[in-house]
Amino acid sequence: MGALLPRPSAPFVARVGDLDDAMFARMNGCSWKDDPRCPPRVALARVAVRHVDMAGRAADGALVVARPIAGEVVALFARLFAIGFPLARVAPVDVHGADDDRSMAADNTSAFNFRVIAGTDILSQHARGTAIDLNPVENPMVWPGAEKFVPPGGAAYLDRRDVRPGMIVRPGPVTAIFDELGWEWGGDWRHVADLHHIAFVRG
């Protein structure tokens, strides 16, 4: 399928660890807030994962996720690596000042960010560390009619029939993996097609 690239010869590797002091210092006041609704530090984990980049090479990145689903995240990224699904970059959202728009524009795959759903006071699934945004440029968030979408770079990917590396489509091998492993895909939503958003719902 056009969304995939040949798998690199390098093996998949992943490691789940605590948030060390340096990392938590970068997060504190950025993606992590001193708010009773925010998950405590011990409830979060850093997941280092190898992924296929847009040039078809093996690259290393990291995510912050809810500790109880760290193993599910590793399983997901292992499967994506195995089929050659490329990710532009994988880094905690703090690299972009926890600014969702900046992270999306940079085509960054990220997870935990204590924030509300845009335009509401409802906490996002990202605020719990149970959601991941995958390749936001290749998979923009599109409102009905396709007149409004984010990020702006996603304009080149609004035609979902022209499947290119890094795009998530249904039917397709990536959505099949989501279904098998228990991840909800925002591209299935009716009110908006959040094509880069997935959240773990099984368990």
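For segment 64-203, what's the relative contact order in percent, using C-alpha pairs closer than 8 Å and at least 6 residues apart? Let's see the in-between values first.
On the way: 244 pairs, mean separation 31.7, N = 140.
Answer for segment 64-203 is 23 percent.
Rounded to whole Hz and in sequence order, give me ³J(HN,Hα) for segment 145-154 from the Karplus expression 6.51 cos²θ - 1.76 cosθ + 1.60, θ = phi - 60°, writing x for Gly and Pro.
Here the 3J(HN,Hα) series is x, 6, 7, 10, 7, 9, x, x, x, x Hz.
Please check: in the Gaussian network model of the chain (C-alpha springs, under 10 Å), which one of ARG37, ARG128, ARG15 has the largest mean-square fluctuation.
Ranking ARG37, ARG128, ARG15 by mean-square fluctuation puts ARG37 first.
In whole Hz and in residue order, list the ³J(HN,Hα) couplings for segment 92-100 that follow from phi through the Karplus curve 6.51 cos²θ - 1.76 cosθ + 1.60, θ = phi - 60°; x for Gly and Pro.
Couplings: x, 5, 5, 4, 10, x, 6, 8, 4 Hz.
For the pair ASP60 and VAL42, how long in nm is the line joining their label points, each one 7 Å along Cα→Cβ?
2.9 nm
Could you compute the net charge surrounding ALA45? Neighbours are other residues with a C-beta less than 12 Å from the C-beta of ALA45; K and R count +1, D and E count -1.
Working: positive: ARG15, ARG41, ARG46, ARG67; negative: ASP18, ASP20, GLU72.
Neighbourhood net charge equals +1.
Could you run the Karplus curve 6.51 cos²θ - 1.76 cosθ + 1.60 with θ = phi - 60° over segment 135-140 and give me ³J(HN,Hα) per residue in whole Hz, x for Gly and Pro?
Each residue's phi maps through the Karplus curve to give 6, x, 5, 6, 9, x Hz.
Of all accessible surface on the chain at a 1.4 Å probe, what whole percent is carbon and sulfur?
Details: 5160 of 9340 Å².
Ligands and nucleic acids excluded, carbon and sulfur give 55 percent.
Per residue, how much accessible area does the chain show when a 1.4 Å probe rolls over the protein heavy atoms, in square angstrom? Spell out each step's value before the answer.
Numbers: 9340 Å² over 203 residues.
Computed with neighbouring chains in place, this is 46 Å² per residue.
Shape verdict for segment 60-115, please, from the Cα gyration tensor: rounded (a/c under 1.5), prolate (a/b greater than b/c) or oblate.
Numbers: a/c = 2.82, a/b = 1.33, b/c = 2.12.
Taking the square roots of the gyration eigenvalues as a ≥ b ≥ c, segment 60-115 is oblate.
First check a/c for segment 1-88, with a ≥ b ≥ c the square roots of the eigenvalues of its C-alpha gyration tensor; if it is under 1.5, answer rounded, and if not, answer prolate when a/b is larger than b/c or oblate otherwise. Don't skip to the answer; put the middle values down first.
On the way: a/c = 2.56, a/b = 2.38, b/c = 1.08.
It is prolate, given that a/c is not under 1.5 and a/b is the larger ratio.
Percent relative contact order of segment 7-146, based on C-alpha pairs within less than 8 angstrom and at least six residues apart?
Working: 257 pairs, mean separation 31.8, N = 140.
Once normalised by length, the contact order is 23 percent.
Can you tell me what share of the DSSP beta bridges in the chain is antiparallel? A percent to the nearest 5 is fine. Intermediate results must be reported in sequence, preceding the final value.
On the way: 25 of 29 bridges.
Bridges in the chain are about 85 percent antiparallel.
Compute the Cα gyration tensor for the chain, then decide on rounded, prolate or oblate, letting a ≥ b ≥ c be the square roots of its eigenvalues: rounded whenever a/c is under 1.5, prolate when a/b is larger than b/c in the other cases, and oblate in all that remain.
Working: a/c = 1.63, a/b = 1.18, b/c = 1.39.
Note, shape of the chain comes out oblate.
To the nearest 0.05, what FRET efficiency results for SER9 and ASP179 with a Förster distance of 25 Å applied to their C-beta separation?
Working: r = 29 Å, r/R0 = 1.15.
Result of the calculation: an efficiency of 0.30.
Separation of segment 105-125 and segment 1-77 by C-alpha centroid, Å?
Value for the Cα centre distance between the two parts: 16 Å.
The values are calculated or read from the model by the stated rules, or taken from the named source; none is laboratory data. Computed from a prediction, not measured in an experiment: that's the story for all the values here. Don't worry about glycine lacking a Cβ; one is built from the backbone with ideal geometry, like all the others, and counts go over all protein chains shown. For the accessible areas, the whole protein counts, side chains as well, though only heavy atoms, and no ligand, DNA or RNA atoms are used. Shrake-Rupley method; radii C 1.70, N 1.55, O 1.52, S 1.80 Å.
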